[in-house]
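> After the structure tokens below, expect a handful of questions from me.
The values are calculated or read from the model by the stated rules, or taken from the named source; none is laboratory data. All values reported here derive from a predicted model rather than from experimental measurement. Because the Cβ atoms are built from the backbone with ideal geometry, glycine has one as well, and the counts that use them run over all protein chains shown. When the accessible area is computed, the model is the full protein with side chains, heavy atoms only, and any ligands, DNA or RNA have been set aside. Shrake-Rupley method; radii C 1.70, N 1.55, O 1.52, S 1.80 Å.
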Amino acid sequence: MSANLQQATTATTSLKLAGKVALVTGASRGIGAAIAQRLAQDGATVAITYASSPQRAEEVVAAIKAAGGNALAIKADSANTADVRSAVSHTVEAFGGLDILVNNAGALAAAPITDFSFADYERLIAVNVTAVFVAAQEAARHMKSGGRIINIGSVNSDYVPVAGLSVYALTKGAVASFTRGLARDLGARGITVNNVQPGPIDTEMNPAAGPFADTMRGYLATGKYGTGAQVASLVAYLASDDAANVTGAGLKVDGGFDA
Ligand code: NDP
């Protein structure tokens, strides 16, 4: 083997997630896209889901491939349980297994409780809660020891500093509790389950230049919105062997929202 090839081979195999297969839901943009790209950069083969942005999902896949990784985009509406189940089985069939599930797809609706529509309530429950249960259950059936389930919750499961977020907080509270129970269910099998809780992160869901941003910044020790890449680096750590003893945890990446 030439020195260059040996160097390249060593570099690839020493990546922390080399040989792992990941599925990231809702990764056509925002935090999910950053997570997919970071996991691929660390050596994982990555499947991503999207609901309504095929072109943007393909751009994420193309960026991963251009950087030397392997990725696949799957259309799967998290509000549809059959779609969520088939996204897991599609990943397993395409890549021969599943080691890392990141439940990232999420929906936000804000309104005073007296005006909150039941349709929005049902949508938030479906995407933020039911899809997390379905994907985790399906993934757990395929995962071996060393598996990782990483849920993207929110600081709003613990702190709700403004009115209108009660239903969103309800869903993220469910994610926090489910994470703890699931860690108990899967711990003996060597599978960890954690809840990453971002504070305000600059995305289309919560733009740093949006109408509520100054209020949000007022709650932050840093005074600054975070980035998807900062959330992704915590997810990459949790996905790695380094985090084998971290499970059932809620880990905040929130600019000191709760400091
Ligand atoms: P964005 O709205 O910017 O992006 C959401 C992503 O999820 C898109 O790729 C979108 O794809 C996908 N998605 C939305 N609905 C569905 C669905 N029904 N089925 C499949 N995919 C879907 O959100 P963020 O990146 O900001 O948020 C990601 C996660 O982080 C969410 O769970 C959110 O609750 C959480 N979070 C975000 C915070 C923030 O400040 N941004 C703070 C705390 C938590 P498509 O366009 O194709 O539908």
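> Could you count how many residues in the stretch 151-170 are touching a residue at least 60 places away in the same chain (Cβ under 8 Å) and assigned to a helix (DSSP H, G or I)?
Counting residues in the stretch 151-170 that are touching a residue at least 60 places away in the same chain (Cβ under 8 Å) and assigned to a helix (DSSP H, G or I) gives 3.
> Please determine, by comparing only the residues of the stretch 29-69 that are away from the ligand (no atom under 13 Å from the Cβ) and basic (Lys, Arg), which one is farthest from residue 199 (Cα to Cα).
65
> So residue 26 ticks every box in (1) near the ligand (Cβ under 9 Å from one of its atoms); (2) buried (at least 24 other Cβ atoms within 10 Å of the Cβ); (3) at negative phi; (4) not hydrophobic (A, V, I, L, M, F, W, C) but one. Which box is left unticked?
For residue 26, the exception is condition (3).
> Let me ask something additional. How many of the residues in the stretch 178-200 are more than 15 Å from residue 135 (Cβ to Cβ), more than 16 Å from the ligand (Cβ to nearest atom) and not in a loop (DSSP other than H, G, I, E, B)?
Going through the stretch 178-200 one residue at a time, the tally reaches 8.
> Answer yes or no: is there a residue in the stretch 98-116 that is farther than 26 Å from residue 160 by Cβ and open to solvent by 60 Å² or more (accessible area, probe 1.4 Å).
Residues of the stretch 98-116 farther than 26 Å from residue 160 by Cβ: 98-101.
Keeping just the survivors that are open to solvent by 60 Å² or more (accessible area, probe 1.4 Å) gives none.
Among the residues of the stretch 98-116, not one is farther than 26 Å from residue 160 by Cβ and open to solvent by 60 Å² or more (accessible area, probe 1.4 Å), which makes the answer no.
One line per residue, one yes/no per condition, for (1) more than 14 Å from the ligand (Cβ to nearest atom); (2) within 19 Å of residue 85 (Cβ to Cβ); (3) under 18 Å from the mean Cα position of the chain (by Cα):
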residue: 125; (1), (2), (3): no, yes, yes
residue: 129; (1), (2), (3): no, yes, yes
residue: 133; (1), (2), (3): yes, yes, yes
residue: 145; (1), (2), (3): yes, no, no
residue: 151; (1), (2), (3): no, yes, yes
residue: 161; (1), (2), (3): no, no, no
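> When the residues of the stretch 37-66 are filtered to those that are hydrophobic (A, V, I, L, M, F, W, C) and not in a helix (DSSP H, G or I), which remaining residue is most open to solvent (accessible area, probe 1.4 Å)?
Of the residues in the stretch 37-66, the ones hydrophobic (A, V, I, L, M, F, W, C) are 39-40, 44, 46-48, 51, 57, 60-64, 66.
Keeping just the survivors that are not in a helix (DSSP H, G or I) gives 44, 46-48, 51.
Values: 44: 3, 46: 0, 47: 0, 48: 1, 51: 48 Å².
Among those that are hydrophobic (A, V, I, L, M, F, W, C) and not in a helix (DSSP H, G or I), it is 51.
> Of everything in the stretch 223-239, what is in a loop (DSSP other than H, G, I, E, B) and either touching a Phe, Trp or Tyr at 6+ places or on another chain (Cβ under 9 Å) or crowded, with 18+ Cβ neighbours inside 10 Å (or both)? Give them in sequence order. Spell out how you get there, then give the answer.
Within the stretch 223-239, the first condition is being in a loop (DSSP other than H, G, I, E, B), and the residues that meet it are 223-225, 227.
Matches in the stretch 223-239: 225 only.
> Look through the stretch 1-23, keep the residues that are at pLDDT 95 or above and away from the ligand (no atom under 16 Å from the Cβ), and return whichever of them is nearest to residue 88 (Cα to Cα).
At the first step, the residues of the stretch 1-23 found to be at pLDDT 95 or above are 15-23.
Okay, now just the ones that are also away from the ligand (no atom under 16 Å from the Cβ), so 15-21.
Details: 15: 24, 16: 23, 17: 19, 18: 20, 19: 18, 20: 15, 21: 11 Å.
Among those that are at pLDDT 95 or above and away from the ligand (no atom under 16 Å from the Cβ), it is 21.
> State all residues of the stretch 67-97 that are free of Cβ contacts under 8 Å to residues at least 40 places away in the same chain, surrounded by 14 or more Cβ atoms within 10 Å (Cβ to Cβ) and within 19 Å of residue 40 (Cβ to Cβ); if no residue qualifies, say none.
Within the stretch 67-97, 69, 70, 71, 72, 74 qualify.
> Going through the stretch 211-222 one residue at a time, which ones are at pLDDT 95 or above and assigned to a loop (DSSP other than H, G, I, E, B)? Please lay out each step first, then the result.
Residues of the stretch 211-222 at pLDDT 95 or above: 213-222.
Within the stretch 211-222, 218, 219, 220, 221, 222 meet the criteria.
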